Amino acid sequence: MHRGFPHLKGLKHLKKIVLNKAPYVDDACLYQLKCVKETLEVLQVSENGSITDAGLLYLKELKSLQKLLVYGLPGVVEKEKTLRQLREALKDCQIKFNGEDF
């Protein structure tokens, strides 16, 4: 259900998005966030059973990201591998997964 995400395209001052307990947000939605990769600095993705490792890896394109909060995602099964890839791609980003710094 990523229909609304393309409307983010062109926003030049969008700094923060919180996707908490959003039942219609899935991996395809996270893919759509690339349209704000130049401005988005803070992202929270939490309490969602539809997000998987593949969805989190789409976030590697968000090069302006400074803070990423992730928790309550039972669909993320390869946590260490996924977080390592995110860390490599987002070197200047503080990443917290289930309250732990990565």
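The values are calculated or read from the model by the stated rules, or taken from the named source; none is laboratory data. If you're wondering where the values come from, they're calculated on a predicted model, not measured in any experiment. Glycine gets a Cβ as well: all are built from the backbone with ideal geometry, and neighbour counts include every protein chain shown. Just the protein is used for accessible areas: all its heavy atoms, side chains included, with ligands, DNA and RNA removed. Shrake-Rupley method; radii C 1.70, N 1.55, O 1.52, S 1.80 Å.
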> Which residue pairs have Cβ atoms under 6 Å apart, sit 6 or more places apart or on different chains, and have a first residue in segment 57-73 that is without any contact (Cβ under 8 Å) to a residue 24 or more places away in the chain and a second that is in a strand (DSSP E or B) and open to solvent by 70 Å² or more (accessible area, probe 1.4 Å)?
Replying inline: none
> residue 71 passes all but one of (1) more than 19 Å from residue 94 (Cα to Cα); (2) in contact with a strand residue (DSSP E or B) (Cβ under 8 Å, 6 or more places away or on another chain); which number fails?
Replying inline: (1)
> Just a yes or no: is a residue in segment 61-74 more than 11 Å from the chain's Cα centre (by Cα), of a type outside the set (Gly, Ala, Ser) and within 17 Å of residue 39 (Cβ to Cβ)?
Replying inline: yes
